[in-house]
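Undergrad: This is the structure, below, for whatever I ask next.
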Amino acid sequence: MKTVTRSTCCYCGVGCGVLIEAEAGRITGIEGDPDHPANFGRLCTKGRTLPLTVRSITGRALHPEMRRTRTATREQTDWASALDFVASRFADVIEQHGPDAVAFYISGQLLTEDYYVFNKLAKGLVRTNNIDTNSRLCMSSAVTSYKMAFGADGPPTCYEDLEIARTVLFAGSNMAYAHPVLFRRLEEAKASDPSVRWIVVDPRRTDMAAMADLHLAIEPGTDVALFNGMLHHIIWEGLIERDYIEANTTGFDALKTLVREYTPRMAAQICGIEEQDLMRAAEWFAASPAALSLYCMGLNQSSHGTEKSLALINLHLATGQIGRPGAGPFSLTGQPNAMGGREVGGMATMLAAHRDIANAAHRKEVEGLWRVSGLSERPGLPAVELFDAVRRGEVKAVWIACTNPVHSMPDIARVREALDKAEFVVVQEAFTHTDTVPYADVLLPASSWGEKTGTVTNSERRISRVRAAVEAPGEARPDWWIANEVARRLAQRLQADENLFAFDTPEAIFDEHRQLTVGRDLDIGGLSYEKLERDGPQQWPYAAGATHGDARRFETGRYATEDGRARFTVTPYRPVAEPVDAPYPFRLVTGRLRDQWHGMSRTGRVGALFAHAPEPALAMNRADAARRGIHEGALVSIASRRGALVLPVQMSDDVASGTVFAPMHWNAQFLGSGGINETTIPAVDPYSRQPELKHSAVSVQAVDLPWRFSAARRSGDALNMQAAVQPLLAERRYASLRIETADDGCEILVITAADIGPPPDWVERVHDALGLARDQDLLEYRDARRGHQKRVAWRDTLIDGYLLSGDANGAASMLARLREAAPWQGPRHAVFVEGPRVQRERVVCNCKLITEKQIVEAIASGADLSALKSVLGCGSVCGSCVPEIRRIYERVPSTAL
Ligand SMILES: Nc1nc2c(c(=O)[nH]1)N[C@H]1C(S)=C(S)[C@@H](COP(=O)(O)OP(=O)(O)OC[C@H]3O[C@@H](n4cnc5c(=O)[nH]c(N)nc54)[C@H](O)[C@@H]3O)O[C@H]1N2
Ligand SMILES: Nc1nc2c(c(=O)[nH]1)N[C@H]1C(S)=C(S)[C@@H](COP(=O)(O)OP(=O)(O)OC[C@H]3O[C@@H](n4cnc5c(=O)[nH]c(N)nc54)[C@H](O)[C@@H]3O)O[C@H]1N2
Ligand code: SF4
Ligand SMILES: [Mo]
């Protein structure tokens, strides 16, 4: 029987509603939920391919595993033993070394209910505030700036503002990739009213920047100078909103004194842009009937991220661009439930329901509500400091859930060192091959998307239900259940009240959580599962008796500060933590690609999601590369003071000279190194403790790796082969793997590697890991003089796989044959005659599988944008590729014009 379950997408903070189709316990399809107010039925490439990520249980964590000593191998065990062991090891450490010797590192991808139990476990039971989350790497600068300026966390805006705004300022956000479904709404608003203006502040020329009315390609890290300069000009031009400032704010005079020195000329010079452009941006923003700013990691991930957002909020307050439809500073949340985590206070620096650890009255309130005493007043350790404390041996036991810090933290060598040093590491994961799992003494298998029940809050403060469509595989269990079971056992050991963790359903947890919010700014006393069931997703605040949540906050001009006034902050410009210098002359910027999600544990399972960007390339300015004799595709070593890795280069006109850009996604699951965070800097913002993941200083040097390798094999389940090959990657100077989809739908695992000379037995081990044929079904050609080998494995008349060692020149045509899946007509040995070098064209439109080449040809023969849609079909389904198609269209000369 086919079932359809209403739930939420597990990727980004847009929080799209989905309808999950399932049959016989398996997820078979997905549609956007037409009734969900975040997406009205739309989904992007990532959301649409979710069913493909759950097509197989290969690579899923299915059973608890543990080892009793650090040097033993982990073995499968039962839940009772694993839970008892975790509780008793944590209790031992707490009894011997005190509560602050343990720590929890959790995730904005947990559901609110999961988060709540973890937070109560750490703060209410263990009485440590050492519970931090990957949101520290993501949203914490936005949180501190909202709190400093408005007295409370959370965006004052809503999604409808995207359609109402007349000037949109994108600051450090690549929405077209990172929040695609919201970007569709902006595109439509601009298409229906071309007078809407877009200003993009981004050092890179992204697809969005190319579409903007004004692109301010600032030097990385100089946003504060830009915003201060804009404010200077706004004041000079008399465009400030005096009445608003006087009635609703404090601190303007001090700020005015500061920005006096930020003349447009001086500010533009710091930012490396034209003074005219800065002034134009200021005028468009201030004089607009409604100016909305959308900001994300380009502001937050900075050693002065709080000041970057505060300088932007200053602009809004000074011009009264806030508290009205279409106006306001809108921080876009990255993860699906970063907001929910902030609500339950699941971070080292906050308490439940937007309360503060340092505030004695707040601690008392929470003690009363939880019926506990002695909440710790010592602030907990934020992410970077947390792993440093583990490394120093101060924190002895750490429990990591739903995040992969050995990939996503800055300077991952330090994180590895910390986890090596730790006495006890618990990893709660849905997948078994992530970079953090090898460090686990106990691996707790978690159920995941499509299998979980609870709630999440999206970027516009809207709470949606998450529902299970199928049972979790193996013995995987929901995250809240795991935390709750350990908490019960720990309560017994620590002689605390077991009833603290009497939860038997996510609904019971939600009900307790909402009680803690009553009377607070985020009051959801009026919400319940029943109400969400009946009325659909709702925004907070939603107090008891309310009939709907608040679309916007601070509409009356009263803020959540003690005196009700918003605060201006004096925000001097400060340079990035690590300036470039002679040994490290390049500014490394990192960020996201359209079709991959973070460490790829989910998106890396889908061939189609590699088609847009198959390799982990470092984007480098064409002139910089030429000057160093680096050509397209060349392998380079990227090194910082902390670490190095090898990546292929992609020439780019989108990054300025002196800047390079690397995607954050690739890691040891797909690469012979830990990824770009081998090099990034762990410097943090003094207020938010958020690390500067966006900016470090690196050198880029061509490396001479003459031994080249390429191998691939077709299979019904590439994930099995991937698991076998992955451990071999780290042995080569460069190695990467990816999944492709053949024309007949079969999966292909592709491995590319390079090194100084031929490795003794590595080639044979890859051969075996791929399960390539031997004997009569293997055809081999050896060039003994040069030490090169070519092998082709057959299955009947089909080419099943190949392996090229020494030089990989024939790889493109071999791979093309693998994809075609056509029976081989000629004699087998003719397969070594190189066929045409058919490089797989980069796919731009993932829904209709339309390549860049097809689009270019259609434009050259006269197709305009709408004809591309109607003839090729590209951009007609999810629309994620539309910004790029538009850009190709503008680049390619058309015969019809
Ligand atoms: N496809 C995809 N979507 C995602 C995610 C994903 O992994 N993949 N992850 C989700 C998560 S958790 C997050 S946090 C969001 C992140 O979403 P975004 O923040 O939009 O994405 P990023 O690519 O990290 O960074 C955005 C832009 O900041 C620019 N930038 C770098 N330095 C500066 C600077 O100094 N100033 C300014 N103004 N800009 C700068 C970069 O060039 C980049 O284009 O995406 C969410 N959505
Ligand atoms: N250089 C650089 N580094 C960055 C960034 C950057 O822009 N540049 N961005 C930073 C940002 S904004 C973020 S948010 C972080 C993200 O960094 P991470 O949190 O490390 O990213 P994910 O790969 O999404 O990790 C989530 C893990 O949870 C697992 N998982 C999935 N579903 C479940 C579940 O239901 N339960 C459990 N227990 N586990 C599950 C997944 O398999 C995955 O391994 O990366 C940060 N790191
Ligand atoms: S925009 Fe895409 S990734 Fe984000 S929630 Fe919607 S479907 Fe999921
Ligand atoms: Mo994030």
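Undergrad: Using alpha carbons only, how many angstrom separate the centre of the range 503-559 from the centre of the range 637-673?
TA: Spelled out, the Cα-based centre of one part sits 44 Å from the other.
Undergrad: Each label point is 7 Å from the Cα along the Cα-to-Cβ direction; what then is the distance between the points at Val892 and Asn359, in nm?
TA: Placing both labels 7 Å beyond Cα along the Cβ direction yields 5.7 nm.
Undergrad: Take the range 84-174, drop everything but the C-alpha atoms, weight them equally and run the Debye formula without solvent; then report log10 I(q)/I(0) at 0.13, 0.16, 0.22, 0.23 Å⁻¹ to two decimals.
TA: Log10 of I(q)/I(0), two decimals: -0.64, -0.83, -1.21, -1.25.
Undergrad: Starting from the Cα coordinates of the chain, work out the convex hull volume and express it per residue in Å³.
TA: 168 Å³
Undergrad: While we're here: Please sort 585-597, 722-734 by packing, taking for each peptide the average over its residues of neighbouring beta carbons within 10 angstrom, highest first.
TA: Order by mean packing, descending: 585-597, 722-734.
Undergrad: Please give every one of the lysines within straight-line cross-link reach of Lys531, meaning a C-alpha to C-alpha distance under 28 Å, and leave out same-chain neighbours fewer than 8 residues apart.
TA: Partners within reach: Lys2, Lys120, Lys452.
Undergrad: Under 16 Å from the 7 Å Cα→Cβ point of Lys853, by amide nitrogen: which residues of the range 800-821?
TA: 811-821
Undergrad: Please compute the length gained on full extension between Gln825 and Arg842, using 0.36 nm multiplied by the number of residues separating them and subtracting their Cα-Cα distance.
TA: Between Gln825 and Arg842, full extension yields an extra 3.3 nm.
Undergrad: Sorted by accessible area (1.4 Å probe), largest first, how do Glu884, Glu21, Glu160, Glu365 line up?
TA: If we order Glu884, Glu21, Glu160, Glu365 from most to least accessible, we get Glu160, Glu365, Glu21, Glu884.
Undergrad: With N set to the number of residues, divide the alpha-carbon radius of gyration of the range 843-891 by 2.2 N^0.38 Å and report two decimals.
TA: 0.94
Undergrad: Moving on. Suppose we keep just the alpha-carbon trace of the range 485-571; what are its Rg and Dmax in angstrom?
TA: Cα-based Rg and Dmax for the range 485-571 come out at 18.1, 51 Å.
Undergrad: Ignoring ligands, DNA and RNA, please state the percent of accessible area on the range 140-331 from carbon and sulfur, probe 1.4 Å.
TA: Whole-percent figure for carbon plus sulfur exposure: 47.
Undergrad: Among Leu83, Leu111, Val576, which residue has its Cα positioned farthest towards the positive end of the charge dipole of the chain, with +1 placed on the Cβ of Lys and Arg, -1 on the Cβ of Asp and Glu, and the dipole taken about the Cα centre?
TA: Value: Val576.
Undergrad: May I ask you to list the residues of the range 158-195 whose amide nitrogen lies under 18 Å from a point 7 Å from Cα along the Cα→beta-carbon direction of His548?
TA: Hits in the range 158-195 for His548 at 18 Å: 158-165.
Undergrad: Compute the Kirkwood hydrodynamic radius of the range 222-321, taking the inverse of the mean of 1/r over all pairs of distinct Cα atoms, and give it in Å to one decimal.
TA: The Cα-based Kirkwood calculation yields 13.5 Å.
Undergrad: Could you calculate the contour length gain from Ser870 to Glu731, that is, 0.36 nm times the residue separation minus the distance between their Cα atoms, to one decimal place in nm?
TA: Roughly 45.2 nm would be gained on extension.
Undergrad: Label Asp653 and Leu532 with points 7 Å out from Cα along Cα→Cβ: what is the distance between them in nm?
TA: Going from the Asp653 label point to the Leu532 one covers 4.8 nm.
Undergrad: Given the whole protein assembly as supplied and a 1.4 Å probe, what does the accessible area of Asp755 come to in Å², nearest 10?
TA: Using a 1.4 Å probe on the heavy atoms, I get roughly 10 Å².
Undergrad: Please calculate how many Å² of accessible area the chain carries per residue, with a 1.4 Å probe and no DNA, RNA or ligand atoms counted.
TA: Accessible area per residue, the chain: 35 Å².
Undergrad: Cross-link candidates for Lys256: which lysines have Cα within less than 23 Å, leaving aside residues fewer than 8 places away along the same chain?
TA: Hits, sequence-local ones excluded: Lys147, Lys308.
Undergrad: Under 23 Å from the Cα of Lys869, which lysines turn up, not counting those fewer than eight places away in the same chain?
TA: Lys46, Lys190, Lys848, Lys853
Undergrad: Right, something else. Suppose each label sits 7 Å from its Cα in the direction of the beta carbon; what would the Leu239-Asp511 distance come out to in nanometres?
TA: My value for the distance between the label points is 5.4 nm.
Undergrad: Sorting His407, His598 by accessible area (1.4 Å probe), largest first, what list results?
TA: His598, His407
Undergrad: Can you tell me what share of the DSSP beta bridges in the chain is antiparallel? A percent to the nearest 5 is fine.
TA: The antiparallel fraction comes to roughly 65 percent.
Undergrad: Taking all protein chains in place and a 1.4 Å probe, what share, in percent, of the accessible surface of the range 707-832 do carbon and sulfur account for?
TA: About 48 percent, which is the carbon plus sulfur part of the accessible surface.
Undergrad: Right, next: Can you pull a Stokes-Einstein diffusion coefficient for the range 343-417 at 20 °C (1.002 mPa s), Rh from Kirkwood over Cα pairs, as a whole number of µm²/s?
TA: Estimated via Stokes-Einstein, D reaches 153 µm²/s.
Undergrad: If you roll a 1.4 angstrom probe over the protein chains with everything in place, what fraction of the accessible area of the range 437-480 belongs to carbon and sulfur, to the nearest %?
TA: 45 percent
Undergrad: Taking the Cα centre as origin and putting +1 on Lys and Arg beta-carbons and -1 on Asp and Glu beta-carbons, what dipole magnitude results for the chain, to the nearest 20 debye?
TA: Its charge dipole is roughly 900 debye.
Undergrad: Could I ask something else about it? Rounded to the nearest 0.05, what FRET efficiency is calculated for Thr69 and Arg558 with R0 set to 56 Å and r the Cβ-Cβ distance?
TA: 0.40
Undergrad: Continuing with this model, one more query. Just how large is the dipole of the range 586-680 about the Cα centre, in debye to the nearest 20, putting +1 at every Lys and Arg Cβ and -1 at every Asp and Glu Cβ?
TA: Roughly 240 debye for the range 586-680.
Undergrad: Next question. Nearest 500 deg cm²/dmol is fine: what mean residue ellipticity at 222 nm does the chain get from its DSSP H runs of n ≥ 4 alone, each adding -39,500 (n - 2.57), divided by its residue count?
TA: It lands at -8500 deg cm²/dmol.
The values are calculated or read from the model by the stated rules, or taken from the named source; none is laboratory data. Bear in mind that the values here come from a model prediction, so they are computed numbers and not experimental data. Methodologically, a virtual Cβ is constructed for each residue, glycine included, from the backbone with ideal geometry; neighbour enumeration extends over all protein chains shown. For the accessible areas, the whole protein counts, side chains as well, though only heavy atoms, and no ligand, DNA or RNA atoms are used. Shrake-Rupley method; radii C 1.70, N 1.55, O 1.52, S 1.80 Å.
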